[in-house]
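One structure is given below, encoded as structure tokens.
Nothing in this text is a laboratory measurement; each read-out follows from the coordinates by a stated rule. This structure is a prediction, so every number in the text was calculated from the model and none was measured.
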Amino acid sequence: MPFIITKKFDFEAALFIPAFPEGHKCRGMHGHSFKVEIKLKGEYNEEMGILMDFADIKKVVKPYIEYMDHACLNTLGERDNIKLLQNPTSENICKWLYNELAPKLPMLHSVVVLETCTSGCEYFE
């Protein structure tokens, strides 16, 4: 029986969405208190009783969360040549995180990014 487990993280970041039209409120610099959920899916180890240790997930994900925390995401994207962060919509942040984490977390099912308590997205392949 497969399980899906979730580990949650949060970070604060500034951003602007340059692809939006002039006059759109998100085109200007603003900030969000992001919530991130990392979901892994697979068969659990019956002997241990877990799919994966949450501490091991944290070790992989935390550096990415710290990288974005209290930063301007557009600046990170420009400085480090990360195209998805140069236009840091929730969808692009989600896809970037998924692409970064998938090689390190083989059971990665999806990444959820919430930019507000009512708005967010989920990316999976």
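Under a Gaussian network description of the chain, with springs only between Cα atoms under 10 Å, the residue in GLU115, GLU46, GLU66 that fluctuates furthest is GLU46.
Calculate how steeply helix 54-68 sits against the longest principal axis of the alpha-carbon atoms of the chain, using the helix alpha-carbon long axis, and give the answer as 0 to 90 degrees to the nearest 10. Orientation of helix 54-68: about 10 degrees from the principal axis.
Under 18 Å from the Cα of LYS41, which aspartates and glutamates turn up, not counting those fewer than eight places away in the same chain? Of all the aspartates and glutamates, those that pass the test against LYS41 - Cα under 18 Å, at least 8 places apart if same chain - are ASP53, ASP56, GLU100, GLU122, GLU125.
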